[in-house]
Structure formats: C-alpha cells, structure tokens
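A short write-up of the structure that comes next.
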Amino acid sequence: MSTQGGSVLERVRGLLREVARFGAVGGLGVLVNLGVFNLIRHTTDLQVVRASVIATVVAIATNYLGFRYYAYRDRAQSGRTREMALFAGFSAIGLVIENGVLYTATYGFGWDGPLASNVFKFIGIGTATVFRFWSYRTWVFKALPPVAPPVGAATATEPLPDPAPVPRPERRPEPLPEPEPANS
C-alpha cells in the first residue's frame, strides 16, 4: 500500500526515527531541567515554581541547540528568526503547562516536599512534551517538501519503460575466397 509520500511502513519508520531523535534531545533536556531545578532548590531560598521556571528556561535553551542541530537538522534552515520566535513562543506555552502542574500540586494541594516537587515537575515535563513535540514538528521545524523526480523519470508506482532497441549495424556478406590459380 503506497501513499504520495512513500509507503505507510516508510512513513511510520520515519516518524519513529523522529520520535527517537526528539526523545534523545528531550531526555538531555529533562536531565538539565531537573538538575538545575534541584541545584537551585538546595542552594537558594527561591520558591518552588520560580526555581522551576529558571530550570525550564535553561533546558529550553539547551533543547533548541539539540533540536536544530541534531533532531531536526534535515529540516528547512531558512527563516532562522521566524524559527527562533516560534520556538520561543511554543516553548513558553510548554513552560506554562509544565509549571502549571507543579504550581497546582504545590499551592493547590500543598504537596511541596522535595520528592513531591520532583514528581510533579516530572509529570509537568511529560505533559508539556506532548504539546512541544506536536508544535515543534508542525510549526517550528517544518519538513522540507518532497523532491519531485525529474520530468520523464519513473516513480516508484510507475513501471520503468522498456529500453529503446539498440540499432544493430548491418552485416555485410563476407567476400568469397579467391580461387587458387591452376597449375598447368
């Protein structure tokens, strides 16, 4: 079964590769986010959500580099200003989602111990990641349009044309051997 962009299996494989690359960069971002968050929490008197916002901003900066130069390096590279503005905007929405979960747990339910803060920070990161994956791939790092085959070239769904017959040179008859002279 084929579609315009390739077979369904090829498209699924491509999506799985994209999710894996996104996950690799995102995994590093989670480590940076949680590391900075816990460092700030244990070395300063900042409130939980403020420490989380700072950690999220540091992770966003790290993630942009990873997404642009690793996960989405094969995507369109023109319009870098537009790309960065969209990335910042969608990242800010993700920041609100992520820290909204932590805010609700901390100030809504009073769950503000170190373990609870990390658990709800992690849940917030996971929730925001779903939004970020969709928005980054759809709006920020747009896929390049498929390259059209040259005019007259066969596509995967069209059979190759039979090759044109190769003209054969005409065969000239071989000359007859000359008779041997008679000995008298």
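The values are calculated or read from the model by the stated rules, or taken from the named source; none is laboratory data. Not measured: the values here are computed from a predicted model. Please note: Cβ atoms are built from the backbone with ideal geometry, for glycine as well, and neighbour counts cover all protein chains shown.
Assigned to a helix (DSSP H, G or I), surrounded by 20 or more Cβ atoms within 10 Å (Cβ to Cβ) and of a type in the set (V, I, T): does that describe T106?
yes
Does region 1-35 hold any residues that are at pLDDT 90 or above and small (G, A, S), and which are they?
A20, G23, A24, G26, G27, G29, G35
Examine region 4-18 for a residue that is polar (S, T, N, Q) and surrounded by 13 or more Cβ atoms within 10 Å (Cβ to Cβ), and state whether such a residue exists.
Looking for residues that are polar (S, T, N, Q) and surrounded by 13 or more Cβ atoms within 10 Å (Cβ to Cβ), one finds none in region 4-18, hence no.
Determine which member of the set A128, A116 is in contact with a Leu (Cβ under 9 Å, 6 or more places away or on another chain) and either modelled with pLDDT of 95 or more or part of a helix (DSSP H, G or I) (or both).
Numbers: A116 fails: in contact with a Leu (Cβ under 9 Å, 6 or more places away or on another chain).
Just one listed residue meets the conditions, A128.
For region 41-70, what are the residues that are over 20 Å from I93 (Cβ atoms), of a type in the set (V, I, T) and surrounded by 19 or more Cβ atoms within 10 Å (Cβ to Cβ)?
Residue satisfying the conditions is V48 alone.
For region 71-101: of the residues being polar (S, T, N, Q), assigned to a helix (DSSP H, G or I) and surrounded by 12 or more Cβ atoms within 10 Å (Cβ to Cβ), which is farthest from the chain's Cα centre (by Cα)?
N99
Check region 3-26 and report whether any residue there is under 22 Å from the mean Cα position of the chain (by Cα) and in a loop (DSSP other than H, G, I, E, B).
Checked against the condition, which is being under 22 Å from the mean Cα position of the chain (by Cα) and in a loop (DSSP other than H, G, I, E, B), region 3-26 yields at least one hit.
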